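The values are calculated or read from the model by the stated rules, or taken from the named source; none is laboratory data. All values derive from a computational prediction rather than experimental measurement. Backbone-built Cβ (ideal geometry, glycine too); neighbour counts: all protein chains shown. To get the accessible areas, we keep the full protein, side chains included, count just its heavy atoms, and leave off ligands, DNA and RNA. Shrake-Rupley method; radii C 1.70, N 1.55, O 1.52, S 1.80 Å.
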Amino acid sequence: MKELGGYLQLELNGNEEHHKTALPLNTGRNALELILRVRKYTKVYLPYYTCDVILEPFRKLNIEYEFYSINKDLEPAFNYSLLRDNEGFLYVNYFGIKDDYIPRLVENCRNIIIDNSQAFFCRHLKDIDTFYSCRKFFGVP
């Protein structure tokens, strides 16, 4: 068995892209940064249960963030009426198991950003800001 360390080997198999209409960027963080720049949010609510690297775009753009809790079902324990027009709400599709929950969340929460970095094969919802990270699933440069 060949040891891979923390990275997958480069995969060039010539298959079709899974997310054909996605804007290809080199990292999920850069995709999030683009969303933040375009939407011009002044504050974004983030789950406590998230990777520290997600904070980089907020620090770089000097955008305020506040953490919210999640329940045992990995769903937000949050009062959505707190969201203002210039504020965003980031939800992580944990391990790709929250696909069925996300449409219900979108109905109750405005200015939502879906983090599908753990759910590359999950489809995005039309007109909902969503970002992915292929580096967790494939060997890419």
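The rows are residues; the columns are (1) under 20 Å from Asp127 (Cα atoms); (2) within 12 Å of the chain's Cα centre (by Cα).
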| position | (1), (2) |
| --- | --- |
| Ile35 | yes, yes |
| Tyr41 | yes, no |
| Tyr48 | no, no |
| Ile54 | no, yes |
| Asp73 | no, no |
| Leu83 | yes, no |
| Leu90 | yes, yes |
| Asn93 | yes, yes |
| Ile97 | no, no |
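One line per residue, one yes/no per condition, for (1) of a type in the set (Phe, Trp, Tyr); (2) part of a strand (DSSP E or B); (3) more than 17 Å from Tyr132 (Cα to Cα); (4) in contact with an Asp or Glu (Cβ under 9 Å, 6 or more places away or on another chain):
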{"residue": "Tyr49", "(1), (2), (3), (4)": "yes, no, yes, no"}
{"residue": "Val53", "(1), (2), (3), (4)": "no, no, no, no"}
{"residue": "Arg59", "(1), (2), (3), (4)": "no, no, yes, no"}
{"residue": "Leu74", "(1), (2), (3), (4)": "no, no, yes, no"}
{"residue": "Ser81", "(1), (2), (3), (4)": "no, no, yes, no"}
{"residue": "Arg84", "(1), (2), (3), (4)": "no, no, yes, no"}
{"residue": "Phe89", "(1), (2), (3), (4)": "yes, yes, no, no"}
{"residue": "Asp99", "(1), (2), (3), (4)": "no, no, no, no"}
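Of all residues in the range 62-78, those being among the hydrophobic types (A, V, I, L, M, F, W, C) and at positive phi number 1. Which of the residues spanning the range 52-62 are open to solvent by 20 Å² or more (accessible area, probe 1.4 Å) and touching a residue at least 24 places away in the same chain (Cβ under 8 Å)? Across the range 52-62, the qualifying residues are Val53, Glu56, Lys60, Leu61. Among the residues in the range 68-75, are any open to solvent by 80 Å² or more (accessible area, probe 1.4 Å) and of a type outside the set (Asp, Glu)? Scanning the range 68-75, I find at least one residue that is open to solvent by 80 Å² or more (accessible area, probe 1.4 Å) and of a type outside the set (Asp, Glu), so the answer is yes.
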